[in-house]
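Take a look at the structure set out below.
The values are calculated or read from the model by the stated rules, or taken from the named source; none is laboratory data. Remember, predicted model here, so these are calculated numbers, not experimental data. Neighbour counts run over all protein chains shown; Cβ positions are idealised from the backbone, glycine included.
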Amino acid sequence: MKRKILQSAICFLLIGMAWSCSNDSDVVMSDAGSRDIRQKNKNVWEGQIAEEVDGQLILTADRDELIEAFQSILLRQSDGENVEINQITLVRKFASNNSQDSAVFLIGGGRSPGGSTVSSGVILVAGGTGSGKMFFSPGPINAEGDPTSVSCWGCGTGCFLEYYNIDGHKVPYCNSAGCGPLCDRIFD
């Protein structure tokens, strides 16, 4: 009987040790500013991106990491044309076909070497009820670790990222706003 109890205790101890062990790359710590301190191999899209406090959208992810992430997305989408992202914005947009439906977009904007304006965006979602913390909308991540995004390439006076609500799904598109055929949408 004592032997069975001892074997059971050892089994539970081993299971408990295996359960409690974590991989160092899975560790995310938080400092007093509630900003994530990620391990080097963590992807900026995996943590908190923004927070909404009293109606204000506040960027909480590292701005430089986001710029690099958007530049990586655009480099791949443009078949090697290097785009310099010079701004990161958080914008609440309303569906073009339903003014009651809103979504928060994280948009990286800049210019291509050819001079056309470029903006690439992802939709953020609230994490947890009433927390105000915002994360990348659950969706596909490609082999490079980038999320599915929509990029608008166009003239300096248009080609803005907008979206429709179709059967409860947010479907981004590029509003030419005067660019006409110069406005291109790249989705990946």
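Worth a mention:
- Region 156-185 - residue that is crowded, with 17+ Cβ neighbours inside 10 Å and over 21 Å from residue 104 (Cβ atoms) and, of those, modelled with the highest pLDDT: 176
- Residue check for residue 84: of a type in the set (Asp, Glu) and modelled with pLDDT under 90: yes
- Residue in region 102-123 that is in a strand (DSSP E or B) and either among the basic types (Lys, Arg) or out of contact with any strand residue (DSSP E or B) (no Cβ under 7 Å at 6 or more places or on another chain) (or both) present: yes
- The condition of being closer than 21 Å to residue 48 by Cα and hydrophobic (A, V, I, L, M, F, W, C) holds for only one of 126, 95, that being 126.
- Checking residue 144 against (1) part of a loop (DSSP other than H, G, I, E, B); (2) acidic (Asp, Glu); (3) at pLDDT 80 or above, the condition it does not meet: (3)
- Between 26, 31, 79, 64, the distinction of being out of contact with any Pro (no Cβ under 9 Å at 6 or more places or on another chain), at pLDDT 90 or above and surrounded by fewer than 12 Cβ atoms within 10 Å (Cβ to Cβ) belongs to 64 only.
- Residue list for region 82-101, filter: surrounded by 18 or more Cβ atoms within 10 Å (Cβ to Cβ) and either without any contact (Cβ under 8 Å) to a residue 24 or more places away in the chain or part of a loop (DSSP other than H, G, I, E, B) (or both): 83
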